[in-house]
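What follows is a single structure, and I will ask about it in a moment.
A short reminder: the numbers here are calculations on the coordinates, not readings from a lab. Quantities reported herein were computed from a predicted structural model and do not represent experimental measurements.
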Amino acid sequence: MGIASDRFNINSQLEHLQAKYVGTGHADQNRFEWAVNINRDSYASYIGRHPMLAYIAIAENESIGRVRYNFMQKMLLPCGPLRREMKIEAILQ
């Protein structure tokens with residue numbers, strides 16, 4: 001009985017975590033949505049950490065403001081537009 005209750009507890013904790021945080025995913029999430037979440041989280045992390053933003057700005061020979069602006073623009077469609085095949089797949093599910 002102990003193992004079954006532990007399994008239930010772990011599943012309920014995972015469901016709670018997935019409901020609380022958007023980027024943790026869920027069972028119905030496809031590859032594209034997962035990649036979008038990962039890329040948006042990465043860009044948000046870069047924007048939020050000034051030393052990291054400064055490092056990237058130096059590496060790209062751009063100003064910090066320009067790098068921040070570019071990352072914010074990339075957050076809109078970080079993986080490009082949704083392909084037609086993936087739209088059909090999402091409808092069929």
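Hey, what do the phi angles of segment 43-57 turn into as Karplus ³J(HN,Hα) couplings, whole Hz, using 6.51/-1.76/1.60 and θ = phi - 60°, x for Gly and Pro?
Each residue's phi maps through the Karplus curve to give 4, 5, 5, 4, 5, x, 10, 4, x, 5, 5, 5, 4, 5, 4 Hz.
Can you tell me the length gained on complete extension of the stretch Glu62 to Gln13, counting 0.36 nm per residue apart and subtracting the Cα distance?
So the chain would gain 13.3 nm between Glu62 and Gln13.
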